[in-house]
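Below is one structure, written out as structure tokens, with a few remarks after it.
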Amino acid sequence: MRSIAIKLKNCAAMLVAVALASIASVSFAAPTVLAEADVTITVAGTTRITEPLRLPFSWYRSMGEVDGQARFVMQVPVANATEPLGIYIPRIGNTFVININQRELARFGSNPPGPYDDAATRPRYFTVPADWLTPQTTLEVIIAAKGGRNGGLSTITTGPPAEVYKLFARDEFEQIDLRLMLVVGGVMLGMLGLLWWVRQRDVSYLYYALAELLWSFLTARHLFDPAPLPWPLWGHIIQAAFVLSVPLQCKFALIVIDQDKGWPSKLTNFMLIGAIPAVALAGHFGSRPLVSLWIGLLAINVLAMAWMVFSTLSRHSSLERKILAGAIAIVLICALRDVTVRWTSPSIYTDIAWVRYAWAGFGIGFAWIIAERMRRATNALSALNASLADQLAARDAELTAAFARERVRDVEQGALLERQRLMRDLHDGLGSHLVGALRVAQQASASKDEITYQLRMAVDQLKITVDAMQDAEGDIPSLLGAIRHRLSPRLEAAGITLKWDVDHLPTMRHWGVRQSFDLQMILFEAFTNLAVHSGAKCATLSARHEVGPGSACIVIKICDDGRGFDPQTLHATAGKGIKNMLARCKSLGAVMHVESGSGGTCIILKVPLAV
Amino acid sequence: MFQYLIAARCKSQATLRATASPSLSMQKTVSVVVVEDDDSTREIICERITEQEGMAVVASFGLVATALEWLQHNQLDILLTDLGLPDGSGIQVIAACTALHPQCDIMVITMFGDEKNVIESIDAGAVGYILKDADYLDVGRFVADLRLGGSPMSSLIARKLLSRVQRAMEPAEVIHAPSAPDGRTLSPREIQALDLMARGYTYSEIAALLGVTVSTVQTHTKRIYIKLSVHNRCEAVFEARKMGILQQE
């Protein structure tokens, strides 16, 4: 683009110079563009053409695939022979020798060109010392060209070194520095694409990355001077890079628009698979028509892909597709322009293909697509998070509700169990004593004492039931104390002295109200028997914590000095009281021993500490 | 100071027969007030107390309201009160009495002497309780005993009070309330006595085990009752003011 502008400028400058020179043959310090030269072309030792020609001169366009040399002779107008002369040549190659008035000014490469002498797209700048100059200075440029390496000579600008160098520097910036930037950007995008592919395994990223890296290589090739590899291998590699990068990019585009099917896709696959063999064949046979055919196929491939992109865009528009379509449109327009320029001015030699720069559009498009996908992924993720949070909250609420229901059920269940327990206790204890009292009272012979006794039993029973409703938290000494508190008046009335010997005991943490009541009822029975039947004068209650081998238990002993009874008859004749005691022992997991003889009775209760 | 003497029978619910007369005996007569809604029970209690030498029932009530009204304007040494009263709880009466007459001994008449009621009463300022089914023949002697040393404490109640004391003695608490003699901290002897009570030992057994007299144990017991209700006494004053029983100064 820029070079066109520069060329126009150069032309303008030339025209101005010519015009001014015709008005007054006074030369002044303005660069002169040399666009005409006498050319002598020699191919295989034979001189083919000797005639004046307009520059630029493209070896390939003029001579085709042959090797040879061309000698250009130009007259350089020198305004001021006391100043050095600057010479700026935008493009010259493949190798060259520059002579000023038969003195060699510069030489590059050998004649004929060696395998590392490239197409030489670099701009060149030389300074001619003032003492070399004469008013009619002759500039002789000899180029040696190899077929297929784009040899040739552009126009030559001469003039005061400062002015000419400015033009050269500007051109060098555009040809070298700008290219370098493009290459760096392209390689970074390519590596990013590779990274994306490695991490996400989306094959479209791989296609894009390879296309971008190959294209960057093509852009970078002009930065190598001389070539890093010998020709013709270098040329084949460049061709291969080109014929691969285009279908790779097509493949990427087709996948992005979700149209990797049908004949455009098949053609793209064919172009990808066939690229290397085609280059190899063309290289082996040196067949230019095969290369042309392949480039034609590539053009069809690109157009097919573009058609798919645009037709899809018209059906299902999305930001991603719009970006891609925009990039393709720019590339196509630039390609069209490049072809047109080459078609209409076949001798053009210094023109730079716009496609080279337009390709960056793909990079921008790719980056945009990645950013867009990331944005969508992030949005999707936050939406997912939000929905998860909602679900969690809902689940939490459900659990809370379930827990609340469970708790209500537990409370109801607990209340039910407690009611049942209380009813049973009232029925077994207070109820049966009241019924007994009633029966005694109904007997004609019932004495007042007997009725009082029965009623007192009922009241004691009721008090123990009340005590059992207070949770002693598994503290056995206080349960024993509570029984004593309730029953000691009765023992006193029976004339029995009770000796009390209760240690500190471990807490029965697993005990609830049920177990406390069982223990109290066992003791209630024991004390009642003591008071009513034993005829004892003295009784002892002791409670100890005993640790035996492998087990620990609490041992409660109630001994008296009463008349005793035969323990053998205990179970056979056991009254309801004893049966109840045994049943309650069983539910506590405790063991009850009764030892009795003429010396008195001992009831030994062993309550295990653990269940 | 007026001394109220009362006739042997106190039938009506809010009978108050106050006779200003000098004490006949050398010993100062102990004035007792009974609050109990069951007529026959009240009558028996009044009779038994009156029979006791040096004691006189100065008033008896069956309702909270009349009792509170009386407490505002009269002095007493012992209050006996039932808890379940037709127009409220005996706890109200105890609280008011604690606030108005800090030196008065308060006892609760209870059916079962069960933990909840007794502990609540102690918190409100009571120092003992009488079981309703007790042999009323002994009620007078019993009240006299209570005056000396509080009621024999059941092991369940002693255990409850002991665990409360132990909680209060936890290190964190001690930092905030160091062993300052604030009238709440039990002495080691008192804690020992309370521990034995919680294991079911009687006063005489405790006396033997600690090597002291029974009356010392009784004193310990009464102190325990009082100390454990001290903080509640403050609350009682506050509550009493709120209820309008105690005049704001």
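The values are calculated or read from the model by the stated rules, or taken from the named source; none is laboratory data. Being a predicted model, the structure only gives us computed values, none of them experimental. Note that each Cβ is placed from the backbone with ideal geometry, even for glycine, and that neighbours are counted across all protein chains shown.
Residues that are over 23 Å from A:E320 (Cα atoms), β-branched (V, I, T) and assigned to a helix (DSSP H, G or I): does the range A:239-259 have at least one? Checked the range A:239-259: at least one residue is over 23 Å from A:E320 (Cα atoms), β-branched (V, I, T) and assigned to a helix (DSSP H, G or I). So, B:T81, is that one at pLDDT 90 or above and farther than 24 Å from B:L131 by Cβ or not? Here the answer is no, as B:T81 does not meet what is asked. The sole residue among A:S478, A:S516 that is in contact (Cβ under 8 Å) with a residue 40 or more places away in the chain, in contact with a helix residue (DSSP H, G or I) (Cβ under 6 Å, 6 or more places away or on another chain), small (G, A, S) and closer than 22 Å to A:G429 by Cα is A:S516. For A:T528, the requirement of being within 13 Å of another protein chain (Cβ to nearest Cβ) and either touching a His at 6+ places or on another chain (Cβ under 9 Å) or of a type in the set (S, T, Y) (or both) is not met.
Residue-wise test of (1) surrounded by 15 or more Cβ atoms within 10 Å (Cβ to Cβ); (2) under 20 Å from the mean Cα position of the chain (by Cα).
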| residue | (1), (2) |
| --- | --- |
| A:A327 | yes, no |
| A:G361 | yes, no |
| A:W368 | yes, yes |
| A:R375 | no, yes |
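Exactly one residue out of B:A168, B:A134 is modelled with pLDDT under 75 and more than 13 Å from chain A (Cβ to nearest Cβ), and it is B:A168.
Please determine whether any residue of the range A:30-44 is loosely packed, with under 15 Cβ neighbours inside 10 Å, more than 30 Å from A:P161 (Cβ to Cβ) and either at pLDDT 80 or above or touching an Asp or Glu at 6+ places or on another chain (Cβ under 9 Å) (or both). Yes, the range A:30-44 contains a residue that is loosely packed, with under 15 Cβ neighbours inside 10 Å, more than 30 Å from A:P161 (Cβ to Cβ) and either at pLDDT 80 or above or touching an Asp or Glu at 6+ places or on another chain (Cβ under 9 Å) (or both).
Checked against the criterion of being in contact with a strand residue (DSSP E or B) (Cβ under 6 Å, 6 or more places away or on another chain), hydrophobic (A, V, I, L, M, F, W, C), buried (at least 17 other Cβ atoms within 10 Å of the Cβ) and assigned to a helix (DSSP H, G or I), the candidates A:L194, A:L167, A:L182 yield just one match: A:L167. Selection of the range A:494-515 for residues being at the interface with chain B (Cβ under 10 Å from one of its Cβ atoms) and not acidic (D, E) yields A:L498, A:K499, A:W500, A:V502, A:H504, A:L505.
Scan the range A:418-433 and give yes if some residue there is more than 30 Å from A:M457 (Cα to Cα) and assigned to a helix (DSSP H, G or I), otherwise no. Scanning the range A:418-433 turns up no residue that is more than 30 Å from A:M457 (Cα to Cα) and assigned to a helix (DSSP H, G or I).
Taking the numbered list (1) facing another protein chain (nearest Cβ under 8 Å); (2) crowded, with 19+ Cβ neighbours inside 10 Å; (3) at pLDDT 80 or above in turn, A:A472 passes all entries but (3).
Going residue by residue through the range A:435-454, is there one that turns out to be within 22 Å of A:F517 (Cα to Cα), within 14 Å of chain B (Cβ to nearest Cβ), over 60 Å from the mean Cα position of the chain (by Cα) and among the small types (G, A, S)? No: zero hits. The residues of the range B:82-114 that are closer than 18 Å to B:I226 by Cα, surrounded by fewer than 21 Cβ atoms within 10 Å (Cβ to Cβ) and free of Cβ contacts under 8 Å to residues at least 60 places away in the same chain, listed by number, are B:H101, B:Q103, B:C104.
Per the listing A:T340, A:T350, A:T312, the residue uniquely surrounded by fewer than 12 Cβ atoms within 10 Å (Cβ to Cβ) and of a type in the set (S, T, N, Q) is A:T340. Yes or no: A:A415 loosely packed, with under 10 Cβ neighbours inside 10 Å and either touching a residue at least 40 places away in the same chain (Cβ under 8 Å) or more than 14 Å from chain B (Cβ to nearest Cβ) (or both)? Here the answer is no, as A:A415 does not meet what is asked. State whether one or more residues within the range A:444-466 are of a type in the set (D, E, K, R), touching a residue at least 60 places away in the same chain (Cβ under 8 Å) and surrounded by fewer than 18 Cβ atoms within 10 Å (Cβ to Cβ). No, because not a single residue in the range A:444-466 is of a type in the set (D, E, K, R), touching a residue at least 60 places away in the same chain (Cβ under 8 Å) and surrounded by fewer than 18 Cβ atoms within 10 Å (Cβ to Cβ). A single entry from B:L85, B:L131 fulfils the requirement of being within 16 Å of the chain's Cα centre (by Cα) and on the phi < 0 side of the Ramachandran plot: B:L131.
Selection over the range B:183-220 of residues that are more than 14 Å from chain A (Cβ to nearest Cβ) and either small (G, A, S) or within 14 Å of B:V165 (Cα to Cα) (or both) gives a count of 10. Listed here are the strands (runs of 3 or more DSSP E) enclosed by the range A:47-155 that have at least 1 residues being within 18 Å of A:H222 (Cα to Cα) and touching a Ser or Thr at 6+ places or on another chain (Cβ under 9 Å): A:85-89, A:95-100, A:103-108, A:136-145. What's the number of the only condition in (1) within 18 Å of A:A358 (Cα to Cα); (2) of a type in the set (A, V, I, L, M); (3) crowded, with 20+ Cβ neighbours inside 10 Å that A:V279 fails to meet? Going through (1) within 18 Å of A:A358 (Cα to Cα); (2) of a type in the set (A, V, I, L, M); (3) crowded, with 20+ Cβ neighbours inside 10 Å one by one, A:V279 breaks only (1).
Looking only at residues in the range A:547-563 that are without any contact (Cβ under 8 Å) to a residue 12 or more places away in the chain and part of a strand (DSSP E or B), the one that is farthest from A:E492 (Cα to Cα) is A:G548.
Within the range A:444-497, being over 18 Å from B:G113 (Cα atoms) and not in a helix (DSSP H, G or I) holds for A:A444, A:S445, A:A446, A:S447, A:E473, A:G474, A:D475, A:A494, A:G495, A:I496, A:T497. Return yes or no: is B:G140 within 14 Å of chain A (Cβ to nearest Cβ), crowded, with 18+ Cβ neighbours inside 10 Å and under 15 Å from the mean Cα position of the chain (by Cα)? Answer is no for this residue.
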